[in-house]
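The structure appears below as structure tokens.
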Amino acid sequence: MAIDDTSLEFFADLARDLTAQTSKQAVLDRAVEQAVRHLDGCDDAGILLLYRKRGVETIAASSRRVHDSDQAQGRLREGPCFDAALQAGSWHNRFYRSGDLATETRWPSYIPQARALGIGSMVGFQLYRDEEFFAALNLYSDRRQTFGERAEKLGWVLASYAAVVLISARTGKLPGVPPPEEA
């Protein structure tokens, strides 16, 4: 995807909008709203946390369907969003996508439940991973073959912003920025 005026405007508006929010939860909720508003074909979005010892938690969602999908993935321990959160190693594989849930063969236990929820295609982006929990931004579409290269790249930018919020909320500082007393 070439950087065009629309992409540049999206990046600038997103950064300003998210930094204008007054709490971690407001930022996460706004990131989900922005995904549905600006990413082509995105009907629903959510942010999923998977805890090693406590299961899953939906910390931001645009609909009940997102909660239901997250719970199914957590219960079954499979699905594209579950895999995106658990992806080990480098950021090379930064998302997992299922373009057509009608023909999908991965995640055999989860896919029938996703279809029953009316999901046609979906993509999950890893946000954050440590020893205690994993996080993913998940995008859902009612239609099949929805998420193209542009939605994937813009979704990755959105996921990156949300990751910074999660990391700063856990550590009390922005990644790579020393606290004021160390500056």
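The values are calculated or read from the model by the stated rules, or taken from the named source; none is laboratory data. The structure displayed is predicted, hence computed values, not measured ones. With ideal geometry, Cβ positions are generated from the backbone for all residues, glycine too; neighbour counts draw on all protein chains shown.
Restricting to region 142-154, what's the tally of residues that are under 14 Å from LEU101 (Cα atoms) and not in a loop (DSSP other than H, G, I, E, B)?
Taking region 142-154 and keeping what is under 14 Å from LEU101 (Cα atoms), we get 142-147.
Applying the additional criterion that residues be not in a loop (DSSP other than H, G, I, E, B) yields none.
Of the residues in region 142-154, 0 are under 14 Å from LEU101 (Cα atoms) and not in a loop (DSSP other than H, G, I, E, B).
Cβ-Cβ distance below 6 Å, separation of 6 or more or different chains: which pairs start in region 68-83 with a residue that is within 11 Å of LEU48 (Cα to Cα) and end on one that is of a type in the set (Ser, Thr, Tyr) and in a helix (DSSP H, G or I)?
GLN73/TYR110
How many residues, within region 61-107, are among the aliphatic types (A, V, I, L, M), modelled with pLDDT of 90 or more and either under 13 Å from LEU127 (Cα atoms) or surrounded by fewer than 19 Cβ atoms within 10 Å (Cβ to Cβ) (or both)? Don't jump to the end; show me each part of the working.
First pass over region 61-107, keeping only residues among the aliphatic types (A, V, I, L, M): 61, 66, 72, 76, 84-86, 88, 101-102.
Still in the list and also modelled with pLDDT of 90 or more: 61, 66, 72, 76, 101-102.
Checking the rest, the ones that are also either under 13 Å from LEU127 (Cα atoms) or surrounded by fewer than 19 Cβ atoms within 10 Å (Cβ to Cβ) (or both) come to 76, 102.
So the answer is 2.
Just to be sure before I move on: is ASP29 touching a Phe, Trp or Tyr at 6+ places or on another chain (Cβ under 6 Å), surrounded by 13 or more Cβ atoms within 10 Å (Cβ to Cβ) and under 19 Å from ASP70 (Cβ atoms) in the structure I sent? Steps first, answer last, please.
Values: touching a Phe, Trp or Tyr at 6+ places or on another chain (Cβ under 6 Å): no; surrounded by 13 or more Cβ atoms within 10 Å (Cβ to Cβ): yes; under 19 Å from ASP70 (Cβ atoms): yes.
Criteria not met by ASP29.
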